[in-house]
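Scroll down for the structure; my scribbles are underneath it.
The values are calculated or read from the model by the stated rules, or taken from the named source; none is laboratory data. Everything numeric here is computed off the predicted structure, so don't read it as measured data. When we count neighbours, we look across all protein chains shown, and the Cβ atoms used for this are built from the backbone with ideal geometry, even at glycine.
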């Protein structure tokens with residue numbers, strides 16, 4: 001049954017994120033590309049990519065990001081330590097932990113450490129859009 005309320009198309013959502021900057025932190029090149037494409041389709045003006053926590057921190061020292069999507073398990077600095085370090089420079093950014101981890105304890109740990117949202121891999125476009133919409137409402 002069609003009640004007349006449809007999900008907005010990406011083209012209708014894109015202006016909401018025009019000019020916004022995102023940082024994607026993941027050791028998987030494929031995952032970085034997928035997330036970058038999704039955010040680009042959603043209208044993000046700038047998307048920076050990092051494969052390690054240290055790379056993410058270097059980028060975070062250079063500019064302010066509106067959204068950070070970060071894997072929980074990375075080479076070197078990772079998890080709660082990475083989140084804490086990024087929060088120190090990215091005070092207004094929204095943080096979404098993106099992980100293949102199926103253990104709910106990891107999600108609880110991430111949210112308890114200050115993540116705004118948790119997203120399971122693989123990150124489908126509609127799920128990323130939904131998580132960002134939840135963050136917009138806060």
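For this structure, a couple of remarks:
- Scanning segment 28-40 for residues that are in contact (Cβ under 8 Å) with a residue 40 or more places away in the chain and within 14 Å of the chain's Cα centre (by Cα) turns up 31, 34, 35, 38, 39.
- Within segment 91-109, residues that are free of Cβ contacts under 8 Å to residues at least 12 places away in the same chain have Cβ atoms under 8 Å from residues that are surrounded by 11 or more Cβ atoms within 10 Å (Cβ to Cβ) and part of a loop (DSSP other than H, G, I, E, B) in these pairs: 107/101, counting only partners at least 6 apart in sequence or on another chain.
- Filter pass, residue 47 being at pLDDT 95 or above and under 22 Å from residue 18 (Cα atoms): yes
- Test: residue in segment 117-138 that is in a loop (DSSP other than H, G, I, E, B), at pLDDT 90 or above and either buried (at least 19 other Cβ atoms within 10 Å of the Cβ) or over 13 Å from the mean Cα position of the chain (by Cα) (or both): no
- Which numbered condition residue 102 misses (of (1) part of a loop (DSSP other than H, G, I, E, B); (2) crowded, with 18+ Cβ neighbours inside 10 Å): (2)
- Filtered residues of segment 67-81 (kept if buried (at least 19 other Cβ atoms within 10 Å of the Cβ) and free of Cβ contacts under 8 Å to residues at least 60 places away in the same chain): 68, 69, 70, 71, 72, 74, 79
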